[in-house]
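The values are calculated or read from the model by the stated rules, or taken from the named source; none is laboratory data. Source: prediction; values computed, not measured. Counting neighbours? That spans all protein chains shown, and the Cβs are built from the backbone with ideal geometry, glycine included. We work out accessible area using only protein heavy atoms, side chains counted, and drop any ligands, DNA or RNA first. Shrake-Rupley method; radii C 1.70, N 1.55, O 1.52, S 1.80 Å.
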Amino acid sequence: MHLSSPPAMRIGIVGGGIAGVALALDLCRHSHLHVQLFEAAPAFGEVGAGVSFGANAVQAIKGLGIGEPYQRVADRTPAPWQDIWFEWRKGQDASYLGASVAAGVGQSSVHRADFLDVLASELPDGIAQFGKRAVRVEQDGNQAHVFFTDGSSHSCDILIAADGIKSSIRDHVLEGLGQPLASPRFSGTCAYRGMIDSQQLRETYRARGLDEHLVNVPQMYLGLDAHILTFPVKQGRLINVVAFVSDRSSDKPVWPSDAPWVRNASQQEMLEAFADWGDAARALLESIPHPTLWALHDLEELPGYVHGQVGLIGDAAHAMLPHQGAGAGQGLEDAWLLARLLSDPQILTSTPADVLNAYDSIRRPRACRVQRTSWQAGELYEFRDPAVADNEPLLGKTLAERFDWLWSHDMQSDLQSARAQLGW
Ligand code: FAD
């Protein structure tokens, strides 16, 4: 190092999912930052399913400098429906209720493994370490120390926990804030997931006299206590299907502590859950011989994401139900804002705690609102919104407008507010 070089700031990131890798990728481009990412698994990996991004998430992806590789693997709804996010239909007969339109973006979706590959392939060697499962964190006012199950540890100036809904570091933050701990909550909703070869689905629809438009354009089929969504991935070669079923018999549903959150399910059990649904919906489910079943959990809104030199991002901070397709996008917004603050050379004149607190005060209210409205969206889709229920015109109108605030968010103004708070 040259004598004139400023000392590098050491950033540790725990968790190599979408949020952690996106943050590492941006931070490692800045010479005043020394970045290390610790992932528990032996390699980066994502489940074989699709993920969809709203216009806000697509902006964050561009801002993180990966817009181009993302567009190479992402799907968009084909013209002339390119601005449609989802069409809304009744599950019983596929009758049209309306559409949600996001001008310029529509439905931007990708296979999860392809997206993580894009992120990971851009990460220089030497940043990520695998087989590192964090168990404990300490802070001594100067540094944060994270300890791993293999007996090793790492010390850094700022530690970011991006280790998902079951975060090993969230307790440290909440305890430090003098707040009650927060465990994942079972929502009462489970989701069957599968992917269908789109050519095969077209043939099935043709054979049954169903409209192929339903394959071309992302669809959301709504019903009482259940809904089904479809969108394309792998350049339209596959159709990603998620079929949700909710049990609302208890205010506080409990998922048995010894039961896995994800398991293989039989097609029969899935078909039984949608026994009275119409042909378009049933044809989808009949095309998925081996679904998986996911017990959906979220987190309550946390009172803080930061304690001292340790911060939470992504699902570790604000795991939410998937009903607005917004969870990963919120992790990307976290990564974008945090990267803009940490990569500014003025960080060397501020304390890590001040910078993390600015991140917390800007990001937390919005992420909490997205958590809240994600739960509300599930109620609306399943005819349980008290003001809308199954009123079709009202459903169409509400669904057309309810996502605009989420998608049209101004991230640059977030950055300006954070900088103003830091006196930069
Ligand atoms: P994770 O993806 O959970 O990554 C955490 C990483 O940390 C993992 O690699 C894990 O191995 C590692 N890790 C865990 N513990 C430790 C430890 N102790 N030490 C070290 N490493 C550790 N979001 C959208 O935006 N759009 C969608 O369409 C969408 N659809 C969804 C559909 C379903 C059915 C579900 C369940 C979720 C959906 N989401 C969607 C939400 C989205 O999947 C999550 O918000 C997102 O994947 C969270 O990313 P993350 O990086 O914060 O956490």
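For this structure, a couple of remarks:
- Tally, over the stretch 343-366, of residues that are among the hydrophobic types (A, V, I, L, M, F, W, C) and closer than 19 Å to Gln59 by Cα: 1
- For Tyr96: the one exception among (1) open to solvent by less than 10 Å² (accessible area, probe 1.4 Å); (2) out of contact with any Gly (no Cβ under 7 Å at 6 or more places or on another chain); (3) among the aromatic types (Phe, Trp, Tyr); (4) at pLDDT 95 or above: (1)
- Residue list for the stretch 108-142, restricted to those being near the ligand (Cβ under 9 Å from one of its atoms), farther than 25 Å from Arg193 by Cβ and crowded, with 18+ Cβ neighbours inside 10 Å: Lys132, Ala134
- For Gln376, the stated conditions do not hold, so it cannot be described as farther than 30 Å from Ala207 by Cβ and either open to solvent by less than 30 Å² (accessible area, probe 1.4 Å) or within 15 Å of the ligand (Cβ to nearest atom) (or both).
- Qualifying positions in the stretch 310-322 - open to solvent by 10 Å² or more (accessible area, probe 1.4 Å) and either touching a strand residue (DSSP E or B) at 6+ places or on another chain (Cβ under 8 Å) or more than 7 Å from the ligand (Cβ to nearest atom) (or both): Met320, Pro322
- Taking the criterion of being open to solvent by less than 30 Å² (accessible area, probe 1.4 Å) and touching a His at 6+ places or on another chain (Cβ under 6 Å), the residues of the stretch 223-244 that qualify are Val233, Phe244.
- In the stretch 154-196, the residues that are open to solvent by 10 Å² or more (accessible area, probe 1.4 Å), closer than 21 Å to Ile347 by Cβ and out of contact with any helix residue (DSSP H, G or I) (no Cβ under 8 Å at 6 or more places or on another chain): His154, Ser155
- Members of the stretch 28-57 found to be surrounded by 24 or more Cβ atoms within 10 Å (Cβ to Cβ), more than 14 Å from the chain's Cα centre (by Cα) and more than 7 Å from the ligand (Cβ to nearest atom), listed by number: Val35, Leu37
- Of all the numbered requirements in (1) open to solvent by less than 20 Å² (accessible area, probe 1.4 Å); (2) without any contact (Cβ under 8 Å) to a residue 60 or more places away in the chain, Arg72 misses one, and that requirement is (1).
- Which numbered condition Gly91 misses (of (1) open to solvent by less than 10 Å² (accessible area, probe 1.4 Å); (2) within 16 Å of the ligand (Cβ to nearest atom)): (2)
- Given (1) of a type outside the set (Gly, Ala, Ser); (2) more than 16 Å from the ligand (Cβ to nearest atom); (3) in a loop (DSSP other than H, G, I, E, B), index of the condition Leu302 fails: (2)
- One residue stands out in the stretch 143-165 among those that are in contact with a strand residue (DSSP E or B) (Cβ under 9 Å, 6 or more places away or on another chain), without any contact (Cβ under 8 Å) to a residue 40 or more places away in the chain and of a type outside the set (Ser, Thr, Tyr): the one that is farthest from the ligand (Cβ to nearest atom), namely His145.
- Selected residue (only one of Ala358, Ala328 is modelled with pLDDT of 95 or more, within 16 Å of the ligand (Cβ to nearest atom), part of a helix (DSSP H, G or I) and buried (at least 16 other Cβ atoms within 10 Å of the Cβ)): Ala328
- Enumeration of residues in the stretch 282-294 that are open to solvent by less than 10 Å² (accessible area, probe 1.4 Å) and near the ligand (Cβ under 9 Å from one of its atoms): none
- Residues in the stretch 337-353 that are closer than 30 Å to Ala377 by Cα and either open to solvent by 10 Å² or more (accessible area, probe 1.4 Å) or within 13 Å of the ligand (Cβ to nearest atom) (or both): Leu338 only.
- Among residues of the stretch 58-69 being more than 16 Å from Ala24 (Cα to Cα) and under 16 Å from the mean Cα position of the chain (by Cα), the one that is surrounded by the most Cβ atoms within 10 Å (Cβ to Cβ) is Gln59.
- Restricting the stretch 201-217 to residues that are outside any loop (DSSP other than H, G, I, E, B) and β-branched (Val, Ile, Thr), the residue that is most open to solvent (accessible area, probe 1.4 Å) is Thr204.
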